[in-house]
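The values are calculated or read from the model by the stated rules, or taken from the named source; none is laboratory data. Remember, predicted model here, so these are calculated numbers, not experimental data. For neighbour counting, all protein chains shown are included, and Cβ atoms are generated from backbone atoms with ideal geometry for every residue, glycine included. Just the protein is used for accessible areas: all its heavy atoms, side chains included, with ligands, DNA and RNA removed. Shrake-Rupley method; radii C 1.70, N 1.55, O 1.52, S 1.80 Å.
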Amino acid sequence: MNARSEMLNLIRSRKAGYSLPQPFYVDQDFFDLDLELIWYRDWLFAGHDCELAKPGSYFTMQVGAYPIVVLRDRDGAIRAFHNSCRHRGSRVCSAERGVAAKLVCPYHQWTYNLDGSLAFARQMGEDFDRSLHSLKPVACESVAGYIFVCLAAEPPAFAPFSDLMRPYFAPHNLADAKIAFQSTIVEKGNWKLVWENNRECYHCAGSHPELCKTYSESPNVTGVAGGGEDPEMANHWARCEAAGLPAQFRMHDSGQFRAIRAPLLRDAESYTMNGARAVARGLSDGVAAERIGALMLFNYPTTWNHVLIDHAVTFRVMPIGPNETAVTTKWLVHKDAVEGVDYDLDRLTHVWTQTNNQDRRIVEENALGIRSPAYEPGPYSPLQEGGVIQFVDWYARSVEERLGGAGRGHVRRVA
């Protein structure tokens, strides 16, 4: 039996509401199929518009086997290309980020314009046609300050996601913010374990003392059942929407992305140890309301986000191998906020730096236990881990459909 058949059989025979069989978390062939079926087909969060401040600004990223460069061209448009020279394939941009008038391959100095066209290649002969050797484009879209890329030859429609996300995020003006700090940690665990850990707060009380100062453990916040029956949540939505800030729970029928604006504990305004703002200047000049809580978005498989009144924290998940995942966190503040004047960097980043390290340890212990021959799938809590059930169902449905099966075709309504 090959890996495709084995994966399809295990998907079809898995027990609903239980964690996945071991190969999904540890096996190299299953990981390669995850890349092929999910990561090379879906829209992936790459970074923020504000990271590409001027023409020639670029950053690079690695998705499985694909190196990619994302840049702002001379007309101000954001583009993405395969970061592979059309000469002999060398990476054109090796730095994590930079600014360049043109992209020059370090191997033989083939030189590309910011629109990807080949500008210069020396001594290639009279018959050489530069127009046939542009950098290969990667599908790229920008919405409300977020850049997404897709490696598929025929990407899925982006509009369903952008239509849902834009009204929630546009008031916060992230396209014109700045990155105050960013960090990348490598977690020794499969990318699905990173997501499973993110999609519940069942573990929060025992693991995240800093985050629990302000963030609710309620499944109405983390889960996927809506939460409108909760009077506190309903009142929060009504107050935010009266101020012009979309707030109600919305999730796409596919289950792939969701937005919600939830209150923080005890009217806290920010993720700090006392709940007070970490940044004196608001994130957006267009948001004057107070106690707006946290605007949260997830979009499988790459990103979850928290947007507050004074700053935003965004996360990018990127698989490295069956047992390694990179998680990049970025803290965004108003573009004119000044470190040491408007904010203290340690205070701004403390809660999520601690939380990220705690989550890393949780995922790595989870991964070590799953590698045991004694591991078998266990039951999720239907009350506390509805978000995990929803994620695993989305994953299983997507994989089954893309392996040629019918899929289960519906979103489970759980806590």
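Do we have ILE78 as closer than 18 Å to ASP176 by Cβ and in contact (Cβ under 8 Å) with a residue 24 or more places away in the chain here?
When the stated conditions are applied, ILE78 passes them.
Check GLY89, GLY98 and return the single one that is surrounded by fewer than 16 Cβ atoms within 10 Å (Cβ to Cβ), in a strand (DSSP E or B) and over 18 Å from the mean Cα position of the chain (by Cα). Give the derivation first.
Details: GLY89 fails: in a strand (DSSP E or B).
Within the list GLY89, GLY98, the selection yields GLY98.
Close Cβ contacts (under 8 Å, 6 or more residues apart or on different chains) running from residues in segment 49-62 that are farther than 11 Å from ALA175 by Cβ to residues that are among the acidic types (Asp, Glu) and open to solvent by less than 10 Å² (accessible area, probe 1.4 Å) comprise PRO55/ASP73.
If the condition is being closer than 28 Å to THR353 by Cα, open to solvent by 20 Å² or more (accessible area, probe 1.4 Å) and part of a helix (DSSP H, G or I), then segment 214-241 contributes PRO219, ASN220.
Looking at SER254, is it surrounded by fewer than 19 Cβ atoms within 10 Å (Cβ to Cβ), assigned to a loop (DSSP other than H, G, I, E, B), among the hydroxyl-bearing types (Ser, Thr, Tyr) and on the phi < 0 side of the Ramachandran plot? Break it down into steps so the answer makes sense when it comes.
On the way: surrounded by fewer than 19 Cβ atoms within 10 Å (Cβ to Cβ): yes; assigned to a loop (DSSP other than H, G, I, E, B): yes; among the hydroxyl-bearing types (Ser, Thr, Tyr): yes; on the phi < 0 side of the Ramachandran plot: yes.
Yes.
I'd like the residue in segment 19-35 that is out of contact with any helix residue (DSSP H, G or I) (no Cβ under 7 Å at 6 or more places or on another chain) and open to solvent by 60 Å² or more (accessible area, probe 1.4 Å) and, out of all such residues, is nearest to ASN305 (Cα to Cα). Looking at residues that are out of contact with any helix residue (DSSP H, G or I) (no Cβ under 7 Å at 6 or more places or on another chain) and open to solvent by 60 Å² or more (accessible area, probe 1.4 Å), I get ASP32. Under the condition of being under 15 Å from the mean Cα position of the chain (by Cα) and closer than 26 Å to MET251 by Cα, the residues counted in segment 175-207 number 9.
On the basis of being closer than 16 Å to ARG397 by Cβ, surrounded by 18 or more Cβ atoms within 10 Å (Cβ to Cβ) and touching a Gly at 6+ places or on another chain (Cβ under 9 Å), does ILE38 make the cut? When the stated conditions are applied, ILE38 does not pass them. Of the helices (runs of 4 or more DSSP H) lying entirely inside segment 1-69, those containing at least 3 residues that are within 30 Å of LYS136 (Cβ to Cβ) and among the charged types (D, E, K, R) span 28-34.
Within segment 141-156, at least one residue is over 24 Å from ASN83 (Cα atoms) and buried (at least 18 other Cβ atoms within 10 Å of the Cβ).
Of all the criteria given as (1) touching a strand residue (DSSP E or B) at 6+ places or on another chain (Cβ under 9 Å); (2) open to solvent by 10 Å² or more (accessible area, probe 1.4 Å); (3) among the aliphatic types (A, V, I, L, M), the one not satisfied by ALA294 is (2). All told, GLY282 falls short of being in contact (Cβ under 8 Å) with a residue 40 or more places away in the chain, open to solvent by less than 10 Å² (accessible area, probe 1.4 Å), in a loop (DSSP other than H, G, I, E, B) and over 30 Å from GLN28 (Cα atoms). Against the definition (open to solvent by less than 30 Å² (accessible area, probe 1.4 Å), assigned to a strand (DSSP E or B) and small (Gly, Ala, Ser)), how does ALA326 come out, yes or no? When the stated conditions are applied, ALA326 passes them. In the set (1) open to solvent by less than 30 Å² (accessible area, probe 1.4 Å); (2) in contact with a His (Cβ under 9 Å, 6 or more places away or on another chain); (3) closer than 22 Å to ASN356 by Cα, the condition left unmet by ARG277 is number (1).
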